[in-house]
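Accompanying notes for the structure given below.
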Amino acid sequence: MDVTALSNAKVGSAGVVERIDLPEDVCHYLAHLGFLPGTRIEVLRSAPAGDPRVYRLDGVEVGLRFETAKHIYLQVAEVGDAV
Amino acid sequence: MSSCHAPVVDLTHNDAPVQIGPKPLRTVALVGPPNCGKSTLFNRMTGLRQKVANYPGVTVEHHSGRMKAIGRNDLTLIDLPGIYSLATYSEDARVAVEVLTGKMAGVPKPDCVLLVLDATHMNRQLMLAAPVFSIGLPTLVLLNMSDQLETRGGKIDTLALAHALGHPVALISAANGTGLDVIPEFLLRMGNRPDDGSRPVQLPVLQSAASCRSWATQVTARTKYEAPQAALWTRRLDSVLLHRIWGPLFFLAVVIGVFQVVFAAGQPLSDWLTELMTRGGQHVAMLLPDNWLRPLLLDGLWSGVQSVLVFLPQILLLFLFIGILEDSGYLARAALIADRVMRAIGLNGKAFIPLLSAYACAVPAIMATRTIENKRERIATIMIAPFMTCSARLPIYTLIIAAFIPNQKFLGGVIGLRALVMLSLYALGFSAAMLTAKLMNSSVMKASTAPFVLELPQYRWPTVQSLSLRLYDRGKLFLKKAGTIILACTFTVWVLSVLPIHAGQFSLLSSSVIGHLGHFIEPVIRPLGFNWKIGIGLLSSIVAREVIVGTLGTLYGVDPATHSVGLQAALRGDMTIGGAIALVVFFAFAMQCTSTLAVVRRETNSWKLPAIQFLYMSGFAYIAALVTNQVISRFF
């Protein structure tokens, strides 16, 4: 399975968080929103300007900027078509 | 991983009540994550009988109310801030922990807890359950949005879940009001039953997210929870509303549409209200004896308060639209679309929401900046919010425009000159805000690392109940302000404008106390094209911008030369066009609002920021008005 940054994952693809390379307090904050190793994340769509993008995890849709998503690493499981 | 077991172990002990004699039930706490429908439930149970205040020393708002709507007027329901966990790194969570453990000064310790969770995504919602249970209060778990769960094919076994959690569990829909009977039943049982377990429970403060999560996953797996399908309507709507082309177009249409309706529909309503109040005032005045009492009431009090009250329709309309946008879930999408633009000036999309509300009033806007986690961006948003053209600026804008700008139409009557001037005043405030944000962005303020994370709730129909509650809240606040601060100001201005009394006669305006004060400050404001009456207006409007209209109304009203003509005509005869435009330019920038300063002081917990803000904005306003007057005077 490929490990890729969340920001590089294609719209429509999904994967499981492998690790998050961010300062501890940021990790902590993201963890309470569900961004934890083992969580399945789906790339839903981009905002009209391309960034931020909308991700779906735990049935919740969350907008995240490229600058944050590039530090979240994903094991890509499925590559689907754009929604 | 040890912390994850702490709450679970606790739960197993919860079923063994210790008999200590009944303790009357008084206070109930409502706990839940953000967007779980907690406020809707709170409104359903308390109706209009709720109080809003701030917890002492912190910026977190405190809603509480009697549970009258479910027939329990003897119980107080406390609505805790929406939180994801009890880890006390956020102010909201700290407040929640202090209230739940009875350590919050002035708030009684809750006797039991209603924990509201969104049934459509239990995995994440249950992460909050573990730390809440470990506090050891009797808890009823309410799985909200049962209607959503059902229509989208999710499954939940409440009995199995209740068994796994060791607390009663019920499926409800706060929006539809279904399943709510379980709450009075639970409360009744709690009241009759002896207190279960009053032994002190150690609160595990550091419950790691990872351990709570694995616990939550285990529980949902064990109870065979089936998450519902993604909300189809939300997906479909988002594919249009967040579309590359239609998204931004719709966004613009919404923003323009809101302002258009507020002014197009608000203006006739305001006019109608003015007429109504003027007639009412005249009728009452006829009944009064023709002595000092009549001018006191009519010129001193009524005319001042009236000039402010007429803005109620527009303010309520603006809040109605913001309420609809927020409750429907669109505001979060708007923030997502605006993020890219906001980033260019060093802010994020979440600043869009406070900045939009700032068009109604900076006070709720500054309170709304709490959703911005990044401290630097939050301060920057607080700094620029008062530049947005708030509704308190409308009275003086409308007055000056009506008095000085001819009612010309261009392009076959589609665009009016007056509307154009109004629009440019809005643009002026907006540009000042952008410039300030840019300045702050390149300044030495330390950048913090808090990321931009924006939760996109599902689209929902806004409920009439929640909207009317908002309007009721806002209307009450505005009327309170008009009835207290503004009343006191206009009254003071009137008294000072007739004192001292010589031989039983009121002073003439120019020899009154206020006349002397006005003449004293005149040299400072003369270069801006303002006379001493405008100066008094400026001084009085430091309290609140709309006060100036009331003050001018009083000042020109007591002046025999302008007593019989309307305020517009009086101003036309007493100001140059340069001075008039400089006056509205001054108002576009100046920080004349003690409520805003007070809320900035409270939100930032220091006097430094409000002081800087006051000096910066007033200086900005003075220079801009000076330039405006000097330039316009050259040409006209």
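Read-outs throughout are calculated quantities, based only on the coordinates presented, and are distinct from any laboratory measurement. The structure presented is a predicted model; accordingly, all values stated were derived computationally and were not measured. As a convention, Cβ positions derive from the backbone with ideal geometry for all residues, glycine included, and neighbour counts pool all protein chains shown.
Projected label points at residue B:561 and residue A:49, each 7 Å from Cα along the beta carbon direction, are separated by 5.3 nanometres. Across chain A, Cα-Cα pairs more than 14 Å apart make up 57 percent of the total.
Taken along its principal axes, the alpha carbon cloud of the range B:295-366 reaches lengths of 56, 27, 14 Å, longest axis first. Between residue B:472 and residue B:232, the simple spin-label model (points 7 angstrom out along Cα→Cβ) gives 3.7 nm. Taking amide hydrogens as placed 1.01 Å from N in the peptide plane, the amide H of residue B:116 sits under 5 Å from those of B:31, B:32, B:142, each at least 5 positions away in sequence or on another chain.
For residue B:222 and residue A:40, the FRET efficiency from 1/(1 + (r/R0)^6), where r spans their Cβ atoms and R0 equals 30 Å, is about 0.95.
Residues whose amide H comes within less than 5 Å of that of residue A:44, counting only those at least five positions distant or on another chain, are A:12, A:54, A:55, A:56 (H built at 1.01 Å from N in the peptide plane).
The modelled label-to-label distance for the pair residue B:296/residue B:103, using points 7 Å beyond Cα in the direction of Cβ, is 5.4 nm.
So if I take the alpha carbon set of the range B:230-636, get Rg, then get Rh from the Kirkwood formula, what is the Rg over Rh ratio?
Rg divided by Rh gives 0.99.
3J(HN,Hα) couplings calculated from phi for the range A:10-20 with the Karplus curve 6.51 cos²θ - 1.76 cosθ + 1.60 (θ = phi - 60°) are, in sequence order, 6, 4, x, 8, 9, x, 10, 5, 9, 8, 10 Hz; Gly and Pro show x.
Our coupling estimate for the range A:52-67, obtained by passing each phi through the Karplus curve with A = 6.51, B = -1.76, C = 1.60 and θ = phi - 60°, is x, 10, 9, 10, 10, 9, 6, x, 10, 9, 10, x, 9, 6, 3, 4 Hz, Gly and Pro reported as x.
Remark on residue A:77: its backbone amide H falls under 5 Å from those of A:14, A:15, A:16, a criterion applied only to residues 5 or more positions apart or on other chains, H modelled at 1.01 Å from N. Pop the C-beta distance of residue A:70 and residue B:517 into the FRET formula with R0 = 56 Å and round what comes out to the nearest 0.05. Efficiency at R0 = 56 Å is approximately 0.35.
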